[in-house]
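The values are calculated or read from the model by the stated rules, or taken from the named source; none is laboratory data. As the structure is a prediction and not an experimental result, all values here were calculated from the model. Cβ sites come from the backbone with ideal geometry, for glycine too, and all protein chains shown count toward neighbours.
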Amino acid sequence: MAPDDDRGDPVRDEEHGGFVGPDDHADVAVIVVTYRSAADLGGLIASLRGEAVAQRLRVIVADNDSPDDTLGTARAHTDVIARPTGGNLGYAGGINAAMAAVGDADAVLILNPDLVVHPGAIAALRGCIARPGVGLAVPVILDGEDGRTASLRREPSVLRSLCDALFGGRLRRRPAALTEMVLPSAEYAAAHPVDWATGAALLVSRAASTAIGEWDERFFLYSEETDYCRRARDAGFQVWFEPAAVVRHSEGGSGASVALATLLAVNRIRYYAKYHGPAATLLFHGTAVLNELTRSAAPEHRTILRAVVSPRSWSSLPHATRSAAAPMHGVARPGGVTKP
């Protein structure tokens, strides 16, 4: 059975799959957190229709008060659940809100709207979480040119942060203890457990989702996936990379700005402080300062440096906001910004 076109009509194989409604069992509930995503959403939904031929997907578009017609684009697909959050809750807050619409589902797949899912990707991720002890699974992420991105990461540490500040992407073969980034191509050739991965695409089993609980909304954008994967590991679940699953990410959905780059740097410090004492956090904070200092020839890095050394300024960084209209409860409370 060939996938339908992108008109919003359900793709349905009565024995195997289709987009299903809020009251039906789903093999996977797909959460898409959106902000200014009208131009990207159609491509993602079209690719999900192809995936729904042999499995039951419940697609939830969680919009974060987009000023464009993102909600209208989503609602044109009558078999997609599309709801506003009542504000811009951030990525973690949007995922938490959207969970109200997940319903009876075996797993939750969190996707950015500026993705296209390659054929067989969801089935491959589902096969991965079927392994004993595996609770989360992440795919290969291609960029807009179909080149593989370095999407895998190791748990942040003072030493890794120091070496990444000094060397960046150079010395790609340095030992794992000396870099948070997973760079060698061999690491992307076979399935294996990882500490965490960039959060554009992440499948979570129902058991892991229940055990881990809500995403930490203190992270408006960036480091929320680092935190969620750590909490998964702490709960006894492995995070696995599955190279048989492939998505393409245009990496344009959330935009780029000095404010967001600053938030990335600051949230790394906030994350580290959540799990470590003041002395260790001070050292980690120092490596963040060094990272910006060594790159301060560029004006944007001088701006980030000023913010990183001044925690009092952090409250002015992008953060969750709510509009006057309250989000819908009991049906869905989705929302978010896209995750680069």
Fill in: Positions within region 294-321 being touching a helix residue (DSSP H, G or I) at 6+ places or on another chain (Cβ under 6 Å) and in a helix (DSSP H, G or I), in sequence order
Glu300, His301, Thr303, Ile304, Leu305, Ala307, Val308, Ser313, Trp314
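Answer with yes or no whether Ala39 is surrounded by 24 or more Cβ atoms within 10 Å (Cβ to Cβ) and either in contact with a His (Cβ under 8 Å, 6 or more places away or on another chain) or part of a helix (DSSP H, G or I) (or both). Write out each step before concluding.
Numbers: surrounded by 24 or more Cβ atoms within 10 Å (Cβ to Cβ): no; either in contact with a His (Cβ under 8 Å, 6 or more places away or on another chain) or part of a helix (DSSP H, G or I) (or both): yes.
No; evaluated as a whole, the condition is false for this residue.
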Worksheet item: Within region 34-48, can you find the residues that are touching a helix residue (DSSP H, G or I) at 6+ places or on another chain (Cβ under 6 Å) and not aliphatic (A, V, I, L, M)?
Response: Thr34, Ser37
Worksheet item: Quick one: which of Thr287, Thr198 is under 15 Å from the mean Cα position of the chain (by Cα) and of a type in the set (Val, Ile, Thr)?
Response: Thr198
Item to complete: Can you tell me which residue within region 127-175, out of those that are touching a residue at least 40 places away in the same chain (Cβ under 8 Å) and in contact with a Cys (Cβ under 8 Å, 6 or more places away or on another chain), is surrounded by the fewest Cβ atoms within 10 Å (Cβ to Cβ)?
Response: Val134
Worksheet item: Taking region 67-84, which residues are of a type outside the set (Val, Ile, Thr), surrounded by fewer than 23 Cβ atoms within 10 Å (Cβ to Cβ) and part of a loop (DSSP other than H, G, I, E, B)?
Response: Pro67, Asp68, Asp69, Ala76, Asp79
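Quick one: count up the residues across region 85-107 that are among the hydrophobic types (A, V, I, L, M, F, W, C), touching a helix residue (DSSP H, G or I) at 6+ places or on another chain (Cβ under 9 Å) and crowded, with 24+ Cβ neighbours inside 10 Å. Please lay out each step first, then the result.
Initial filter on region 85-107 (among the hydrophobic types (A, V, I, L, M, F, W, C)): 89, 92, 95, 97-102, 105, 107.
Going one step further and asking which of them are touching a helix residue (DSSP H, G or I) at 6+ places or on another chain (Cβ under 9 Å), we end up with 89, 92, 95, 99, 102, 105, 107.
Keeping just the survivors that are crowded, with 24+ Cβ neighbours inside 10 Å gives 89, 92, 95, 107.
Of the residues in that region, 4 qualify.
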Discussion item. Considering only residues that are in contact with a strand residue (DSSP E or B) (Cβ under 6 Å, 6 or more places away or on another chain) and in a loop (DSSP other than H, G, I, E, B), which ones fall in region 98-125?
Written reply: Val102, Pro113, His118
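For region 42-66, how many residues are charged (D, E, K, R) and in a loop (DSSP other than H, G, I, E, B)?
Going through region 42-66 one residue at a time, the tally reaches 1.
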Discussion item. I want to confirm something. Restricting to region 277-293 and keeping residues that are in a helix (DSSP H, G or I) and small (Gly, Ala, Ser), which single residue is nearest to Phe220 (Cα to Cα)?
Written reply: Ala288
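Yes/no matrix, rows are residues, columns are (1) under 12 Å from the mean Cα position of the chain (by Cα); (2) modelled with pLDDT under 95:
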{"residue": "Ala74", "(1), (2)": "no, no"}
{"residue": "Gly86", "(1), (2)": "no, yes"}
{"residue": "Gly90", "(1), (2)": "yes, yes"}
{"residue": "Gly94", "(1), (2)": "yes, yes"}
{"residue": "Ala100", "(1), (2)": "no, yes"}
{"residue": "Ala107", "(1), (2)": "no, no"}
{"residue": "Ile110", "(1), (2)": "yes, no"}
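Could you tell me which of the residues Thr262, Thr226 is closer than 30 Å to Ala107 by Cβ, in contact (Cβ under 8 Å) with a residue 24 or more places away in the chain and crowded, with 22+ Cβ neighbours inside 10 Å?
Values: Thr262 fails: closer than 30 Å to Ala107 by Cβ.
The conditions single out Thr226.
Within region 202-211, is there a residue that is under 20 Å from Pro156 (Cβ atoms) and outside any strand (DSSP E or B)?
no
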